[in-house]
Amino acid sequence: MELKRVVVTGLGALTPVGNTYPEFWENILKGVSGAGPITHFDASKFKTQFACEVKGFNATDFLDRKEVRKMDLYTQFAIVCAKEAIEDCGMDLEKEDLNRIGVIYGVGIGGIHTFEEEVINYALTRETVGPKFNPFFIPKMIADIAAGQISIMYGFHGPNFTTTSACASSSNAIADAFNYIRLGKANAIVAGGAEAAIFEAGVGGFNAMHALSTRNDDAQHASRPFSASRDGFIMGEGAGCLILEELEHAKARGAKIYAELAGVGASADAYHLTASHPEGLGAKLVMQNALEDAGMKPEDIDYINVHGTSTPVGDVSEVKAIKDVFGDNAYKLNISSTKSMTGHLLGAAGAVEAIASILAVKNDIVPPTINHEEGDNDENIDYNLNFTFNKAQKRTVRAALSNTFGFGGHNACVIVKKFVE
Amino acid sequence: MSEIASRVKAIIVDKLGVEESEVTNEASFTNDLGADSLDTVELIMEFEKEFSISIPDDQAEKIATVGDAVSYIEANAK
């Protein structure tokens, strides 16, 4: 059976550096940091008091107040972002077979704020009023509800679910959407990811794992992947959304095409709950899987949007894996971590970084890894590689590879390339 | 309008996102005010919280209109 080709025809991004994809793209090319003091709650007693929050977001600008009240913030992000992508793709939904349009939306955690509020409320009132929970507690909190809500809003009856693999979640969503479409099971899929975990349980939980940077006095420079002085990741929030569409379907309606989805990969470290394999075994495997799936060779890739979270162990093992997989070609391509600007969007990271990769391919420019200072070099990292430090770089980008790795040892990888007939 | 009635109506306006003028005594939560089964459960919980009462499930099932809610609460609130 011949697999169908899949292209990207719509984009949406709701991020700490821009609430639409053009704004996001403009700001990551400029090297803007999305970090600042946490505003979602009083973080003054927490070890980490800053994060990359979405700015100026009001769900009621887009959705009915009554509906908004029944959605966790992560679902609000997911829907508003999906709306941007669906409008951007220019599809006339009245002419479409909605049974063949699906929604696959990755989420790392889900409605942690809803969970936190409801459990606190329960703990405070169980002695006086007994075991009472709000009827919207479960449907607001569960990780699949964003995909469900988007389908309800648009009447999409195609495949509909969430993918959960921590910080690889939305790369897995893109991979699953790709497979459904190339197998001919759907004409288009709204594929994305969302997360809103910058709340007490999220920050406190990651703090307890020593996963977050504590550079409270210099938030904007805290996310510094591949620098010796890096001290953990910076939490981000938001959503990313791609409209993936079967090529002939896209051509028939005269859609604009951003790029072609060339291949995807998935693997596991099978090593530790949270630490990445020191030799980058799972990372190496996932990149090889994706290259093989795309039918591409290491020399075909011009840009790697790394997982690169700015943690001491993870950055080193990913670089090792890149050198192992790409050999001499590793020195010819550009590498960058857009998390240096957006922070780590957890379940939304894969979608947002796939968008950065797609726009790099489309526009022949690589966004930078910001916050590297001259001489701040880690002896375990090879600086002959081009990390695109501090300034975006113009170059031909034929194809880009986006890595995401999640707690649990999940790895997922997406390759996009220029669309050529 | 009694004080209880105005508090009940304020909760309904807030939770169901409807106009105050729609919240008449005869208005049915599901037929007139757009509530689904989950909204109705939430409303009952909000009444319990607001008036510090407990509404047993078999009683809650009988509360279908704004007027039903007001009468029940007026009879049972401390």
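The values are calculated or read from the model by the stated rules, or taken from the named source; none is laboratory data. Model, not experiment: these values are computed from the prediction. Cβ placement follows ideal geometry from the backbone for every residue including glycine, while neighbour counts extend to all protein chains displayed. Surface accessibility is based on the protein's heavy atoms, side chains included, excluding ligands, DNA and RNA. Shrake-Rupley method; radii C 1.70, N 1.55, O 1.52, S 1.80 Å.
Remark on the stretch B:36-57: accessible area falls by at least 50 square angstrom from chain-alone to full-complex state for B:L38, B:E42, B:M45, probe 1.4 angstrom. Dividing the summed -39500 (n - 2.57) terms of all DSSP H runs of n ≥ 4 by the residue count of chain B sets its mean residue ellipticity at 222 nm at -17000 deg cm²/dmol. Among the aspartates and glutamates, select those whose C-alpha is under 18 Å from the C-alpha of A:K256, and discard any that sit fewer than 8 residues away in the same chain. Reachable aspartates and glutamates: A:E84, A:E87, A:D88, A:D92, A:E96, A:E245, A:E246, A:E248, A:D364, A:E421. I need the calculated FRET efficiency for the pair A:R65 and A:S229, taking r as the beta carbon distance and R₀ as 45 Å, to the nearest 0.05. That gives a FRET efficiency of 0.50. The accessible surface of the stretch A:7-417, taken with every protein chain in place and a 1.4 Å probe, is 51 percent carbon and sulfur.
From the C-alpha coordinates alone, can you work out the Kirkwood hydrodynamic radius of the protein assembly as shown, in Å?
Working: mean 1/r = 0.0422 Å⁻¹.
Result for the protein assembly as shown, one decimal place: 23.7 Å.
Accessible surface ranking for A:T369, A:T125, 1.4 angstrom probe, highest first: A:T125, A:T369.
Entry comment: accessible area of the stretch A:343-416 is 32 Å² per residue, from protein heavy atoms only and a probe of 1.4 Å.
Placing unit charges on each Cβ (+1 for Lys and Arg, -1 for Asp and Glu) gives the protein assembly as shown a dipole about its Cα centre, and among A:Y331, A:L11, A:G263 the Cα reaching farthest toward its positive end belongs to A:Y331.
Restricting to DSSP loop positions (anything but H, G, I, E, B) with no more than 16 other Cβ atoms inside 10 Å of their own Cβ, which trypsin sites (Lys or Arg not before Pro) remain in the stretch B:15-65?
On the way: sites: B:K15, B:K49, B:K62; in loops: B:K62.
Answer by residue number: B:K62.
Short-range pairs are left out: with C-alpha atoms under 8 Å and at least six residues apart, the relative contact order of chain A is 24 percent. Shown here for chain B: chymotrypsin sites (Phe, Trp or Tyr not before Pro) in loop regions (DSSP other than H, G, I, E, B) with at most 15 other Cβ atoms within 10 Å, of which there are none. With R₀ set to 41 Å, the beta-carbon distance separating A:T274 from A:K95 gives a calculated FRET efficiency near 0.30.
Using a probe radius of 1.4 Å on protein heavy atoms only, what is the accessible area buried between chains A and B, both sides summed, to the nearest 100 Å²?
On the way: alone 16360 and 4640 Å², together 19970 Å².
Chain pair A/B: roughly 1000 Å² of buried accessible area.
Could you quote the convex hull projected area for the stretch A:181-229, Cα atoms only and averaged over all directions, in nm²?
Values: hull surface 26.6 nm².
Averaged projected hull area, Cα only: 6.6 nm².
Can you pull out the GluC sites (Glu not before Pro) in the stretch B:26-70 that DSSP calls coil and that have at most 12 other Cβ atoms within 10 Å? Walk me through the numbers on the way to the answer.
Values: sites: B:E26, B:E42, B:E46, B:E48, B:E50, B:E61; in loops: B:E26, B:E61.
When the GluC sites (Glu not before Pro) of the stretch B:26-70 are filtered for loop state and at most 12 Cβ neighbours within 10 Å, B:E26, B:E61 remain.
Note on A:K132 and B:D36: the model spin-label points, each 7 Å out from Cα along the C-beta direction, lie 2.3 nm apart. For a paramagnetic label modelled on A:Y122 (point 7 Å from Cα along Cα→Cβ), amide N atoms under 15 Å away belong, within the stretch A:128-156, to A:128-142.
Give, in nm to one decimal, the length gained when the segment between B:K78 and B:S28 is fully stretched (0.36 nm per residue of separation minus the Cα-Cα distance). Walk me through the intermediate numbers first.
Numbers: separation 50, 0.36 × 50 = 18.00 nm, distance 2.54 nm.
Full extension from B:K78 to B:S28 adds 15.5 nm.
The separation of the stretch A:154-228 from the stretch A:19-66, counted between C-alpha centres, amounts to 15 Å.
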